[in-house]
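Visitor: Okay, here's the structure, questions in a sec.
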Amino acid sequence: MGETSKSSRPLRILVLASSGGGGDGPPLIGAAVALQDAGHEISVFADETVAAALKGTTLPVEALTDIETLESRERKYLEGHDPGVPFPLMGWAKEAAPFAVPFAKAFQPDLLLCSDFTSTLGQRVREEAGTPMCIIHATYYVGEGSRRSAEKDFRNTGGAGFRRLMAAGDLVLLATDPVYDPPPDPVPPNHHWVGTLIWEPVKESPAWLKEPGNPWVLMTLSSARQDGEIELARAAVAAAAEFPVRLLVTLADGKSADDLRSTSDKVRVEAFVPHSRVLESARLCIAHAGHGIVAKALQFGVPMVLVPWDRDQPGVAARAEALGAAKVVPRSELSPESLTGAIREVLGTASYGESARLHGERIRNYDPAALVCEKIEAFLR
């Protein structure tokens, strides 16, 4: 009789995080931070790469150090190009489960909080611990009633995979803007659009970003490396020479970064710079159309030139273009000349910047942190 009821105590939430999905990680951590700020008890079970990125936060982290990270497995998988080798997600989840399950049983959470990619591990923990699972879905809606077909939205067969992952959630929170991605009619009862969840590792803004000069253009590639994507960076470096701008290329691949470094003071190549710091004053964003960078550019009202490379990126780019905030160059048409033409169109056409600015103002009026807490609290109570 003396126990505190679930409705009057902070919730205990176990976050399962990995570095494997690229853009799926930051919205998940953004949701975890929002829940912690609201007074709930959070514990993060993460692989080594995520654990290192979280060192600047107050989130308590249990680092999984005994198995190879999902990011490393995916890199080897992509480099091997062997269609006979299964995607490493299932194997990683199977090996991580013997560590995650006892940790979950000891923590006794009210909820598992997962990304699309860690939901496979979440299902295994749920089977053993009996804890419901919430998925933070880090791209547009995929499923019955979607406004675009999977054949148009995905360059490969990823649409079916996302659909299966989303279906596994007891609760699914879509970390995207419902104007950018209109919900289906009817909306699945356990799905909720909460708006853009932006989180970046804690790092100071570099001093050189504030140095006087031409406006900055941000050019970035996927945090989960994609085959051949470096060609987009090379084309951007060549195209930037035609305009009175400074180009910042963020590129985690050290070898490719060395190849791109230029003696020109118009181009700077860095392994990591917080994109939000750049977008605060950037004139343009050039990217592969990952949902994360497109969401950030929209939030800061920055127009875009997008070259959708793989995965869900054709759908991301099409939705940004439909808002009037982006010009899309198909991957098959990429060249320094086509990219130069697209940049010239966006910089020279006022409607791109105006659309980006108006959507940025609208998006910044959302409170995704509050919506995350509201939907999770209502689900559990």
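The values are calculated or read from the model by the stated rules, or taken from the named source; none is laboratory data. Model, not experiment: these values are computed from the prediction. Here Cβ is always computed from backbone atoms with ideal geometry, including for glycine, and neighbour counts include all displayed protein chains. These area figures cover heavy atoms from the full protein model, side chains too; ligands, DNA and RNA do not enter into them. Shrake-Rupley method; radii C 1.70, N 1.55, O 1.52, S 1.80 Å.
Visitor: Could you tell me how many of the residues in the range 348-381 are outside any helix (DSSP H, G or I), among the basic types (Lys, Arg) and either surrounded by 13 or more Cβ atoms within 10 Å (Cβ to Cβ) or at pLDDT 95 or above (or both)?
Guide: 0
Visitor: Filter the range 23-46 down to the residues that are touching a Gly at 6+ places or on another chain (Cβ under 8 Å) and not in a helix (DSSP H, G or I) and list them by number.
Guide: 23, the sole residue that qualifies.
Visitor: Here is a follow-up. Tell me, which residue of the range 45-54 that is aliphatic (A, V, I, L, M) and within 11 Å of residue 18 (Cβ to Cβ) is least open to solvent (accessible area, probe 1.4 Å)?
Guide: Going through the qualifying residues, I end up with 46.
Visitor: For residue 200, indicate whether it is closer than 19 Å to residue 322 by Cα and out of contact with any Asp or Glu (no Cβ under 7 Å at 6 or more places or on another chain).
Guide: Against the criterion (closer than 19 Å to residue 322 by Cα and out of contact with any Asp or Glu (no Cβ under 7 Å at 6 or more places or on another chain)), residue 200 does not qualify.
Visitor: Does the range 165-197 hold any residues that are in a loop (DSSP other than H, G, I, E, B), open to solvent by 40 Å² or more (accessible area, probe 1.4 Å) and closer than 24 Å to residue 148 by Cβ, and which are they?
Guide: Result: 178, 179, 182, 185, 186, 187, 189, 190.
Visitor: Give me a count of the residues in the range 262-302 that are closer than 21 Å to residue 139 by Cβ, part of a loop (DSSP other than H, G, I, E, B) and either open to solvent by 50 Å² or more (accessible area, probe 1.4 Å) or in contact with a strand residue (DSSP E or B) (Cβ under 6 Å, 6 or more places away or on another chain) (or both).
Guide: Of the residues in the range 262-302, 3 are closer than 21 Å to residue 139 by Cβ, part of a loop (DSSP other than H, G, I, E, B) and either open to solvent by 50 Å² or more (accessible area, probe 1.4 Å) or in contact with a strand residue (DSSP E or B) (Cβ under 6 Å, 6 or more places away or on another chain) (or both).
Visitor: A follow-up question, please. Could you list, in sequence order, the residues of the range 114-141 that are assigned to a loop (DSSP other than H, G, I, E, B), buried (at least 19 other Cβ atoms within 10 Å of the Cβ) and either over 14 Å from the mean Cα position of the chain (by Cα) or without any contact (Cβ under 8 Å) to a residue 60 or more places away in the chain (or both)?
Guide: Passing the criteria: 131, 141.
Visitor: Let me ask another. How many residues, within the range 158-207, are within 29 Å of residue 276 (Cα to Cα) and not aliphatic (A, V, I, L, M)?
Guide: Of the residues in the range 158-207, 22 are within 29 Å of residue 276 (Cα to Cα) and not aliphatic (A, V, I, L, M).
Visitor: Looking only at the range 69-99, which residues are open to solvent by 60 Å² or more (accessible area, probe 1.4 Å), touching a Pro at 6+ places or on another chain (Cβ under 9 Å) and either at pLDDT 70 or above or within 18 Å of residue 45 (Cβ to Cβ) (or both)?
Guide: Matches in the range 69-99: 76 only.
Visitor: Let me ask something else. Please go through the range 24-38 and give me each residue that is surrounded by fewer than 23 Cβ atoms within 10 Å (Cβ to Cβ) and more than 13 Å from residue 376 (Cα to Cα), ordered by number.
Guide: 30, 33, 37
Visitor: Could you check residue 321 against (1) closer than 16 Å to residue 152 by Cα; (2) open to solvent by less than 10 Å² (accessible area, probe 1.4 Å); (3) at pLDDT 95 or above and say which number it fails?
Guide: (2)
Visitor: Name the pairs: first residue in the range 206-229 and closer than 18 Å to residue 326 by Cα and open to solvent by 60 Å² or more (accessible area, probe 1.4 Å), second residue at pLDDT 90 or above and polar (S, T, N, Q), Cβ to Cβ under 6 Å, at least 6 apart or on different chains?
Guide: Listed by first residue and then by second, the contacts come to nothing, as the list is empty.
Visitor: Restricting attention to the range 169-194, which residues are among the hydroxyl-bearing types (Ser, Thr, Tyr) and in contact with a Lys or Arg (Cβ under 8 Å, 6 or more places away or on another chain)?
Guide: Result: 180, single match.
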